[in-house]
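The values are calculated or read from the model by the stated rules, or taken from the named source; none is laboratory data. In this text, all values refer to a predicted model and were calculated from it rather than measured experimentally. Counting neighbours? That spans all protein chains shown, and the Cβs are built from the backbone with ideal geometry, glycine included. Only protein heavy atoms, including side chains, enter the accessible area calculation; ligands, DNA and RNA are left aside. Shrake-Rupley method; radii C 1.70, N 1.55, O 1.52, S 1.80 Å.
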Amino acid sequence: MDTLLQDVRYAARKLLRTPGFTFVAVATLALAIGSTTAVFSLVNGILLEPLPYPQPEQLVRIGSTRTGADASPEGGLTSMSLLDFRDYREGTRSIARMAAIQSGTRNLSGDGSEPLRLRSARVSASFFDIFALPMQLGRGFAATEEVDGAGRVVVLSDGLWRSRFGADPRIVGRAVTLDGEPYTVVGVAPRDFGYPNERDIWTPLAPQPFEEDPDNRGAHYLSGIGRLTPGATAAAAKRELETIAARLMEQYPETNTNFGAAAEPLREQMVGDVRPALYAMFGAVGFVLLIACANVANLLLVRAASRETELAVRTALGAARGRLVRQLVTESLLLSLAGAVVGSAIALWIVDAVVAFGPQGLPRLGEVSVDARALGFTALVAVVTGLVFGLVPALHAARSETGQMLRESGRGTSHRAATNRTRSVLVVTEFALAVVLLVGAGLLIRSFVRLTQVDPGYDVEHVVSFTVSLPGGQYPYDRQQRAFADDVLERMRRLPGVQTAAIAFGRPLERSTFRTIFDVDGRPPNPPERRTPVDVRTTTPDFFRTLGIPLVRGRVYTPDDRNGRQHVVVVNQEFVRRYFPNEDPIGLRITLGWGRDTAETGTSLVVGGEIIGVVADIRQYGLDSEPYPTTYLPYHQHPLDEVSVLVRSAAEPEVVQTAARAQMRSLDANLPLYEMTTMEQALADSVAQPRFYMLLLGGFAGVALLLAALGIYGVISYTVSQRTRELGIRIALGATRQKVVSLVLTRGLVLTVVGVAVGLVAAFWMTRVLASLLFGVDALDPVTYAGVAIVLVGIAALASWIPARRAARVDPVIAMRAE
C-alpha cells in the first residue's frame, strides 16, 4: 500500500509539473467520458431501469392486432372494443387482472380559477390494483363505480393535486367540476404515476348503453393493461388471447374478421421503438471514447519519449520494468480519474439539457438522471480507459534497453521506429472510427433533410391552431354544437389580419381521428375479409382553403351543405387510388360504418352521403407517414364535441393567439383552450425525434472529427521534430521547400487514406443498424460515403500541411548545429 501511495504522489507531482499536457489530456477524456456517461444515463433510465411498479415484469399491455386490409401501417397493438375486452378478460387464465383504458381530455372549471384542460383516462375499477402502488391519499375505484350512473368519482394525479389544489390533504371528498358536471375526489395517485402518457385524472369506465350494444362490437377505442398470474409469461398470455380472438372471429365475422389479440411486456411496448436508436447512440459515443483514448495514448507516447533519460536512470539504479510500467499506468489512471470527475459534471449538464429540451415522444425521459449506477459506470469507464490508453505507452517505454536509452536519450532517438509505428496505428484507428461516426451522422442528416423537404400537402405558414372540447352537460345537442361553431368562426374572422378560419375534428399532425369502413350504396357490401377502411374527418367548408389543400376535381362542400340538406362527402386522392382505380367515384353514394347517436332525437344516424369532390392527399400523421384513404364530412351535418380551430392571418401569431383567447373567453369563460400553437411549430414538433437523433450523433461525429484532426496533426508534428536534422540535410543538398512539404504531407495522407479505407469498410457493415431511423436514404448511400471520405482527407491534409510548412522553413545550419 505504501508503494502504491508513493506511486500516486509521484504521478501527481509529475502531472502538475506539465500543466499544458495535463490540461489537454484531462479535457479530452472529460469530454469523451462525460458524453459516454450521459448516453449511458439515457439508455439506463429508458431501457434498463425496471418500471417503477412492484413486480414490473408481470405487467403486460393488451390490445387487438390487425391483418389484411385492416392492418395498421405501423403494426403492433391497436385498440379493441369493450365487448372484445370483456371476452379476453373472462377467457384468459394467464392474466390475473385486466383493465381497459380510454384516454381523452376533460375540462376542469369552477372554484374561481382559470379553466383547465386535463389529460384524462376512463379506466376499469381494477386499474390501480394492477399497478399495486399504494394511493397517496384516499383510494382507487370500487367495482360498483364501474356502472353507468354510479361513476361520478375521480382520482387526481399528484401533479394536479399540487398545482391546482395546493396539495390540500383534505381534498378527498371534495367535489370538482369536470365538463360542467360535479365529480367527487376519492383519491390522489402515487407521486410520479401518470399511466398512460402522463394523465392528470382518472374516472371509472362506466359504459354507456351504446357501448354495450352487441352491434357495437366493431367500435375499437380501448387499450388494455394487465398483470400476469405468478409464473405465467407474456408469451403464454399472447397464445391464450390469440385463441380467444380466433374464436371471436368465427362467432362475429362481420366485426372481428382480420382482428387478433396479443399481450406484450409493458416495458417493451413503451420503449421498443426507441431501443435501436439509443443503442446506436451508445455505440457512437463508445467510438468517441476510443478515439479519445487513442489521442491521449499518442500524447503519452510523446511524453514517454521526452522522459527516456529519467526512465534509463531509474532502470540503471535497479527499478524493475514492472515497477516502471506500474508508475506510468498510475499516471494514466490519475488522468482518467480526473477526466471522469470533470466528465461527470459534463454528463449532468447534458442530461439536464436533454430532459428539459428533448423530444416529447421519447418514453420515460422524465425518469432519466445521472444516478448511482451511472456514476459507477463512469468509474468503471475511467479505470478501463486509463488502462487502455496508458498501458501501450508504458510497455513501450519499459521495453527499451537501458544502455541504448542512456546513449541516445540526449537526442531522443531510442525506439523511435516502434513508437512511430504505434502512433501511426493509433491515428489510423482514430480515422477509421471517425469515418464510421461521420457516415452515420451524414446518413441521419441527409435523412432529416429529405424528411423536411417532404410536401405535407398543406400550407403551414401563418396558421394558428387551438383545440376546444364542449362539455356534454352544456352542449348536449347537435344544434348547440353547430351554433357554437358558427359563433367561433364569426369571432375568429374578426381577429387582426385574418384571411380565413375553419373548424375541424382532427387537424393535420393530430391523432384525434377515427377509422371506419364504408360500402357503396346500391352495391353488395364488401365481405369482412375485404373491408375498405377509411379515416373520417368533419370540417367546416373553409378548412381546405385555410390549409391550402388543393381541389383535384369536383367541388368541396359549401355553407349551403348544412343539416337538412343532402349529405355530401369529399374524399382524397388515396381513397380513389385504393378503392376506385379505374372509376370516377364522384356521384357515388357511400355509407360509413359509423352511426352517430343524437341526444335530440334519441336515434342513431347513419353517416355517409354523395361523393362530390376529390382533394389532394395530406400527410396527416407526420412527414414520414404515407397518406391514408380519407373522407371529409361537413361539420354542420355531423357536428362533434371536440374540435380544432384553424386561423390563417397575416398578423403575428402572438397577436392572433392573444386575441383568440380573449374572444373565446368572452364566448364561454369555462372553456379552456389547449394545444394552442402555430402549424409551423406543430410541423417542427412532428420531426423532433429524428432531429434529436441527428443532433446527438452529429455532435459525437464532430468531436470525433476534431480529435482525429488533432491526432494526425500531433503525429506529423512529432515526425517533423524527429526528422529536423534529416530535413535540414535534404535542404542543404538542394531539396526544394515544395519537395519537403510534399514529403511530410505524403506521410499524413497515407495514414489518412488507410484509416478512411478501413473506416469505410467498417461503416458498410455497422451503419445498417441505422436503417430503421432513415427516411428516403439508403444505409449504403454512396453520396454520404464519398462526402465523408473527401471531408476527412481534406481536413487531414490541412492538419498535415501546418507542420509540413514549418518543416520547409528549417534552417539547415541551425538543424545540424542542434544535432
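Observations
- Long-range amide H partners of residue 263 with built H, under 5 Å: 238
- Nearest-20 debye value, the chain charge dipole, Cβ charges on Lys, Arg, Asp, Glu: 4760 debye
- Around the amide H of residue 66, modelled in the peptide plane, lie the amide H atoms of 72, 260, all under 5 Å away and 5 or more residues distant in sequence or on another chain.
- Residue-span extension gain [residue 357 to residue 48] - 0.36 nm each, minus C-alpha spacing: 109.1 nm
- Approximate spin-label separation residue 650-residue 420, in nm, with each point projected 7 Å along Cα-to-Cβ: 7.3 nm
- The order of 14, 238 by accessible area, most exposed first and with a 1.4 Å probe, is 238, 14.
- Of the residues 683, 156, 706, the one with the largest accessible area comes first in the ranking 706, 683, 156, computed with a 1.4 Å probe on protein heavy atoms.
- Residues in the range 797-806 carry Karplus couplings, in order, of 5, 5, 5, 7, 5, 4, x, 5, 5, 5 Hz; the curve used is 6.51 cos²θ - 1.76 cosθ + 1.60 with θ = phi - 60°, and Gly or Pro positions show x.
- Solvent-accessible area of residue 184 with every protein chain in place, 1.4 Å probe, in Å² to the nearest 10: 60 Å²
- Paramagnetic reach from residue 487 (point 7 Å along Cα→Cβ, amide N under 18 Å) across the range 653-685: 660-674
- Förster radius 41 Å - calculated FRET efficiency between residue 27 and residue 191, Cβ distance, rounded to 0.05: 0.55
- If R0 is taken as 30 Å, the Cβ-Cβ distance between residue 369 and residue 675 corresponds to a FRET efficiency of 0.55.
- Bridges between two residues of the range 565-688, per DSSP, are antiparallel at a rate of about 60%.
- Between the helical axis of 478-492 and the longest alpha-carbon principal axis of the chain there is an angle of about 50 degrees.
- Accessible surface ranking for 17, 648, 1.4 angstrom probe, highest first: 17, 648.
- For residue 680, net neighbour charge (Lys/Arg +1, Asp/Glu -1) across residues whose Cβ lies under 11 Å away: -3
- Potential lengthening of the chain between residue 349 and residue 761 amounts to 144.8 nm, from the contour at 0.36 nm per residue minus the alpha-carbon distance.
- Helical content of the chain, expressed as a calculated mean residue ellipticity at 222 nm, amounts to -16000 deg cm²/dmol (DSSP H runs of 4 or more residues, -39,500 (n - 2.57) each, divided by residue number, nearest 500).
- In the complete set of protein chains, residue-level accessible area for residue 570 is approximately 0 Å², probe 1.4 angstrom.
- The angle separating the long axis of helix 275-306 from the principal Cα axis of greatest extent in the chain is about 10 degrees.
- What the phi angles of the range 663-675 give under the Karplus curve with 6.51, -1.76 and 1.60, with θ = phi - 60°, is a coupling list of 5, 5, 5, 6, 6, 7, 5, 8, 9, x, 9, 9, 6 Hz, glycine and proline written as x.
- Nitroxide proxy distance, nm - points 7 Å out along Cα→Cβ at residue 562 and residue 768: 6.3 nm
- If you plug the beta carbon distance of residue 212 and residue 511 into 1/(1 + (r/R0)^6) with R0 = 25 Å, you get a FRET efficiency near 0.45.
- ³J(HN,Hα) computed for each position of the range 573-579 - Karplus, 6.51 cos²θ - 1.76 cosθ + 1.60, integer Hz, glycine/proline x: 5, 5, 4, 5, 4, 7, 10
- Whole-Å semi-axes of the ellipsoid equivalent to the range 87-226 (Cα gyration tensor, √5λ, descending): 26, 18, 13
- Taking all protein chains as they are arranged and a probe of 1.4 Å, the heavy atoms of residue 773 leave approximately 40 Å² accessible to solvent.
- Amide H within-cut-off set for residue 572, under 5 Å, with H built and near neighbours excluded: 615, 630
- The orientation-averaged projected area of the convex hull spanned by the Cα atoms of the chain comes to 44.1 nm².
- The chain - accessible surface per residue (Å², probe 1.4 Å): 43 Å²
- Residue-span extension gain [residue 791 to residue 555] - 0.36 nm each, minus C-alpha spacing: 79.6 nm
- Separation of the residue 9 and residue 387 label points, Cα + 7 Å toward Cβ, nm: 2.7 nm
- Placing unit charges on the Cβ atoms of the charged side chains and taking the dipole of the range 554-713 about its Cα centre, the candidate lying farthest along the positive direction among 708, 697, 607 is 708.
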